[in-house]
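Bear in mind these aren't lab numbers, they're just calculated from the coordinates by the rules spelled out. Just so we're clear, the structure is a prediction, and the values are computed from it rather than from any experiment. When we count neighbours, we look across all protein chains shown, and the Cβ atoms used for this are built from the backbone with ideal geometry, even at glycine.
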Amino acid sequence: MDFTPIIFFVVILLLLLAGFPVAFTLGGASIMFGIVVFGFDFFNLLPLRVWGIMSNYILIAVPLFIFMGVMFEKSGISEELLETTALLFGKVRGGFGYAVLLVGVLMGASTGIVGATVVTMGVLSLPVMLKRGCDPDAATGIIAASGTLGQIIPPSIVLVLLGSVLNVPIGDLFIGAVIPGFILVFFYFLWILYLSIFRKKAFPAMPVIEVAQFREKGKFKKILSTFLLPLLLVIAVLGTIFLGIASPTEAAAIGAIGATMLTILRKKFSIKILKEVSQKTTWMTSMTFMILVGASAFGLVFRGLHGDIYLKQLIMSANLDAHHFLMVVMIIIFIAGFFIDFIEIIFIIVPIVAPIFLHYQIDLLWVGILIALNLQTSFLTPPFGFSLFYLKGVSPPEITSGNLYRGIIPYVIIQILVLTIVALNPKLVTYLVVALRGL
């Protein structure tokens, strides 16, 4: 038996765990193995693969959605959303938790960028929550968890990348993610409700005087001006996709223009802001596509070594049925999320297992949503949970890593619970897709 594919995969994994940059590790190690195994003819194949990625019309949505999210952040609406929502729930015990959750949903549907959402909510709400006597574990937990909702609530960069790898229409993934996404939000809501009833110091109510002042100063006008524009942006992007008016790429362009117009209307737009947004978009897009190019080289070498055939034979010899194979893949992705980034998982693990899912005749739309839900946990699980890094970086000095880790445990459990529910009920993913196709 030829163990070269296994050696190749293990070398890549060890280099990643050693902390080498993902894109250059994937691309560099793949090229080295490619030259050794296939000779310099390898360079006749690789450019064709790279060109296939760069000419993929669907992937244009990635920089456009990133631009939309960064520009939305610069508009200043995020800050107003948090302040207004917190006061709106003012007299309710648990109000701070509900406010952060609602803003996480709205920002997830408007930006889809975890870093921007977590940092914004961490900077604006965490100091206030601590000042008002909120429990540090509860406060950091809901901020970190709500910030990851943009990975499952469309438009989501994760769903765009999964659609390109699984060859599933991105519009279908967006529609299929709606019900699972809001089931997740509902369970988050139930947890906050539980804390507000049984752990009354977790999220105490805001002072009555501040709530009264808010209501005296034109509450409805403030609510309308704060919530209307983000909702219009969400409707413009998702509505055009769901109704079949625009493709995800075209809707992303609408979102980018809409976020820019929103910033102009709020008098926050300037050449400096445009430059900052463009630079950040370019950096994030370059990072994503560099990893994608490296992953393409990895896939080319892995298949050239017949690694996909070897893996398929290994699974068949284990006599796994479709459901057990799906469970094994979900466990592998969950464990991988502790150590490597979601982009790496999408471009390393998913292309390997996708052909086997097809062999088992498993619906790739359903699989895509399950993987997206699973990948969401990778933002919260230590030691490399990016939401934890983002939040720790902007937290007051009194917030420890222990607060962060204890705070996210309930939400990781909730994510696993929702993943299980969706795995046992595929119609939660397919129902809306089928219903909208029938219109």
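Observations on the model:
- Cβ-Cβ FRET estimate between Phe389 and Val11, R0 fixed at 22 Å, reported to 0.05: 0.25
- Cα centroid separation, the range 94-173 to the range 298-367 (Å): 28
- Put a plus charge on the Cβ of each Lys and Arg, a minus charge on the Cβ of each Asp and Glu, and nothing anywhere else: the dipole of the chain about its Cα centre is then about 1520 debye.
- Pairs spanning more than 24 Å between alpha-carbon atoms, out of Lys131/Lys392; Lys74/Lys392; Lys268/Lys392: Lys268/Lys392.
- Contour minus Cα-Cα distance for Tyr360 and Ile409 (0.36 nm per residue): 14.3 nm
- Cα-Cα separations in the range 234-344 greater than 24 Å, expressed as whole percent: 57
- The chain: most fluctuating residue of Phe325, Phe174, Phe20 per GNM, C-alpha cutoff 10 Å: Phe20
- Comparing Tyr411, Tyr310, Tyr98 in a Gaussian network model of the chain, where Cα atoms under 10 Å apart are tied by springs, the biggest mean-square fluctuation is seen for Tyr310.
- Linear extension gain, Phe189 paired with Phe43, 0.36 nm per residue minus alpha-carbon span: 47.3 nm
- Calculated FRET efficiency for the pair Ile58/Arg266, C-beta based, R₀ 25 Å, to 0.05: 0.20
- Separation of alpha-carbon centers, the range 384-404 and the range 418-439, rounded to whole Å: 35
- Furthest towards positive pole of dipole, Ala18, Phe298, Ala139, structure part the range 4-437, Cβ charges: Ala139
- The order of the peptides 342-352, 386-396, 292-302, 238-248 by mean Cβ neighbours within 10 Å, most packed first, is 292-302, 342-352, 386-396, 238-248.
- Sequence-distant contacts, meaning Cα pairs under 8 Å at least 6 residues apart, place the relative contact order of the chain at 27 percent.
- Packing-based ranking, highest mean first, of 34-40, 9-15, 149-155 given that Cβ atoms within 10 Å are counted: 149-155, 9-15, 34-40
- Cα-projected label distance for Met327 with Trp51, points at 7 Å along beta-carbon direction, nm: 4.7
- Fully extending the segment from Asn319 to Ser278, taken as 0.36 nm per residue of separation minus the present Cα-Cα distance, adds 9.7 nm.
- Inter-site label distance for Leu231 and Ser286 at 7 Å from Cα along Cβ, in nm: 4.0
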